[in-house]
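See structure below.
Just so you know, all these numbers are worked out from the coordinates, no wet-lab data involved. The model shown is predicted, which means the values in this text are computed figures rather than measured ones. No Cβ is skipped: glycine too gets one built from the backbone with ideal geometry, and neighbour counts run over all protein chains shown.
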Amino acid sequence: MKTSFKIMSVFIVLLQAATLGSGTARAAVFGTVRGVVHDPDHRPIQGAEVVVKSGSSDYSQKLTTDTDGGFEAAALPVGAYLVTVRKDGFAPEVQEIVVASGSAPVLHFQLAIGARSEQVTVLESALAVNPEQMTPTTIVSRSEIAMTPGADLSNSFKAITDYVPGSWMTHDQLHVRGGHQVTWAIDGVPIPNTNIASNIGPQIDPKDIDYLEAQRGGYSAAYGDRTYGVFNVVPRTGFERDNEGELFTTFGTFHQTNDQMNFGGHTEKFAWFASVNGNRSDYGLETPGPDVLHDRVWGLGGMGTLVYNRDANDQFRSVTSLRRDDYQIPNDPDAAAAGIRDVERESDAFASFSWVHTFQPGLLLTLSPFYHYNRADYDGDPNDQPVATTQHRESQYAGAQIAFSAVTKEHNASLGLYGFGQHDDESIGLIANDGSGLSLAQDKQATGHLEAVFLEDQYKVRPWLTLTAGARLTHFSGAISENAASPRVGGAIRIPRLNWVLRGFWGEYYQAPPLSTVSGPLLDYAVSQGLGFIPLRGERDQEHQFGLTIPLRGWSFDVNNYHQRARNYFDHNAIGNSNVFFPLTVAGARLYGWEATIRSPKIARRGEVYVTYAYAHAEGEGAISGGLTDFSAPSSGYFMLDHDQRHTLHTGFNVTLPWRAYAGGDLYYGSGFTDGSSDVPAHLQAHTTFDFSFGKAVAENLTFSVTALNLANRRFLLDNSTTFGGTHYAEPRQIYLQVRYRFHL
């Protein structure tokens, strides 16, 4: 009861702040589209009808231009939109634009007199970063997820790794730029999670995503912790449905099935979407050798969203997500012969409610209370050698985000508050099977809370020059208390006529530490293994980067250079030969490199191609500064972290074929991760895989597709870090048939 009261008290304080200071910050998933409409003589056109409609659903806003010919559509979720302008006596004009979170682009419409045809004008900059955007951003749509091989499977991260440069999977964890602390957000509300690499499964089924916005550094002050990548999920809402349902089911190798049923519908003011999914396979986690032994996975999940547009000034949004995954820990032949049966069980639940209120054009308030539950249970086999281990952890978070933005002709300002209370329950058990007689069990609880205030302004000095400055002030309290001030500055220059965008950024981040600690019998055992425990402190990062985006005839070419230094870099380690993992911090780290992205428009109205490339370094420096350590002196200079890979390349295509068919493919090349078995700095072998899918609609509402992952079945040692199962081999070839059926309710 005391714990629940502490969590709720933080939540109440945040709500009081919203009531007393209703001018605080924006929900980062929303953007604003502004525009000016004029005639051929550049005189403003008053009273023109403007319709801003989503490119993936029926969601729209209807506006009328003012005396200056201006209009503004606020609170637009991330995604692609068609903006249509009509006025009697003039030809209609349509432009396409991609809205990024926190952006406020300005469109210009010049209406021709007398013509009656309606044409779509696709801006060359539509796929490029907006001039005021200093954050390298990738937006992946629902249609791209559906056509990319393997991207719509429940446990898949291919929607990220195929399209976001510098992202990869190794030892069953998603890494971006060499770090595995990333932020997930739904509808712009960050999902709190201070634990390090304790969960394997994803939180969101890709089939529930309408748009995925991936950001890599250069963040707005609205984002704080877990900053190696920020993934904003715009969930499906039902605006893309007319009281319809959809059934997905797959059948494939390793006795795989991956199924979902979803429903959705909408009226002019109300939309709803609900889904339930289940999956199982005899191949789940990366195996310690070429053989797939004891590696079954099964999971259940669901999502529900509600959107209610009460009027032009008030919108209410609700999101609920549930997930449960069970994994067998894969064996090598010796463990399989011994009958070892280790398992990992994970549960996750998230709920948020958002009230979006427009006071007047340009003034937007968002209030978003949330709750997050996360659990990870590792149960070792009683016959594990030399130690059988059990580790159960349950984390609960409750809090709110309060957001306010003010957009004027020259400014896009925001001010906000984000915070949560956290309670952890953890139990650990160890039984030695080496004859020593060791046996221990320990339960522990921990509480903490985090509060952050952020403010930022994008100042459009000239139509081609935007400067951004902001700061984030954070207070964390757990086993220790810390304060952090994180300033951030940046700018973007759009070169006239060419519309090339140059951007630069410098900023600092703070990542709060986990609540994990080691004490009592567990500490005694750690000492017996030659280890000690230093209290964990937060990671502090400093980043600078610069980049260039070139739009050319609908293509988008982007190149980016980044350099990030970290103090108290988060990683994880085990106690002796057990499977009990604890977070740790390394005194320092540096992560730097180059990234490049090429995205095409629709080629011959058939398909798109993409290329993502990253040249990256992930290096540590100094001794362990927090967590489990043997207090040994650090090696001199920098050393490669276990997830260092120099070259990562993805190139692929999604194409619509005649006779209602389609195809997608992705070619991946990696130069090899760090070789942990080498006494000198070295990498494992380079590797290449290819994924392919082909589908055909045999009826208006029935589609069949076949997908092959790792088509050539190339098996290779991916990494040899000591996490679940020891070393890790690349995924074997998987082939599956998917059936998709749509129906009316």
Ordering of 143-156, 401-414 by packing [mean C-beta count within 10 Å, highest first]: 143-156, 401-414
Positive-end extreme of charge dipole, region 466-526 - chosen from Pro513, Ala471, Val489 (charges on Cβ): Val489
Distance in nm between pseudo-label sites at His392 and Ala604 (7 Å out along the Cβ direction from Cα): 6.0
Ordering of 66-73, 164-171, 486-493 by packing [mean C-beta count within 10 Å, highest first]: 164-171, 486-493, 66-73
Most positive-pole-ward Cα, Asn720, Ser439, Gln260, against dipole of the chain from beta carbon charges: Gln260
Per-residue ³J(HN,Hα) for region 485-493, Karplus 6.51 cos²θ - 1.76 cosθ + 1.60, θ = phi - 60°, Hz, x for Gly and Pro: 10, 10, x, 8, 9, x, x, 9, 10
Gain upon complete extension [Arg714, Ala338; 0.36 nm per residue less C-alpha separation]: 132.5 nm
Net length gained if the chain between Ala349 and Thr408 were fully extended (0.36 nm per residue, minus Cα distance): 17.4 nm
Partner lysines for Lys62 [C-alpha distance under 16 Å; skip if fewer than 8 residues away on the same chain]: Lys53, Lys87, Lys269
Coordinate range along principal axes, alpha carbons of region 347-441, Å, largest first: 75, 24, 17
Which of Gly380, Ala403, Phe420, positive extreme of dipole for region 364-451 (C-beta unit charges): Ala403
Of (1) 34.4, 121; (2) 26.5, 86; (3) 25.8, 93, the label for Rg and Dmax of the Cα atoms in Å derived from the coordinates: (3)
Estimated FRET transfer efficiency when R0 is 22 angstrom, pair Thr249-Arg660 (beta carbons, to 0.05): 0.65
When region 128-283 is reduced to its Cα atoms, the Kirkwood hydrodynamic radius in Å: 16.8
Calculated on alpha-carbon atoms, Rg and Dmax of region 589-745 in Å: 21.3, 67
Ordering of 220-233, 95-108, 539-552 by packing [mean C-beta count within 10 Å, highest first]: 220-233, 95-108, 539-552
Spacing of the two label points (7 Å from each Cα toward its C-beta) at Val706 and Ser143, in nm: 2.6
Globularity ratio of region 300-361, using Cα Rg and 2.2 N^0.38 Å: 2.09
Rounded FRET efficiency, nearest 0.05, which uses the C-beta distance separating Asp311 from Phe639 and R0 of 45 Å: 0.15
Test item: Cα-centred dipole of the chain, Lys/Arg +1 and Asp/Glu -1 on Cβ, debye: 2100
Total formal charge among the other residues, if their Cβ is under 9 angstrom from that of Leu718, Lys/Arg +1 and Asp/Glu -1: -3
Under 16 Å from Lys460, Cα to Cα: lysines that are on another chain or at least 8 residues apart: Lys409
Nonlocal amide H pairs with Asp210, under 5 Å, H built at 1.01 Å: Val234, Arg236
Approximate spin-label separation Asp68-Thr651, in nm, with each point projected 7 Å along Cα-to-Cβ: 4.8
log10 of Debye I(q)/I(0), alpha-carbon scatterers only, for region 613-675 at 0.26, 0.28 Å⁻¹: -1.07, -1.14
Cubic angstrom per residue, convex hull over Cα atoms of region 174-230: 89
Length added when fully stretched, Asp425-Gln685, from 0.36 nm per residue minus Cα-Cα: 89.5 nm
Between 0 and 90°, nearest 10: helix 2-20 axis offset from the chain longest Cα axis: 20
Net charge over other residues, Cβ less than 10 angstrom from the Cβ of Pro149 (K, R count +1; D, E count -1): -3
Computed FRET value (nearest 0.05) for Ile735 with His563, which takes r as the C-beta separation and R₀ as 41 Å: 0.45
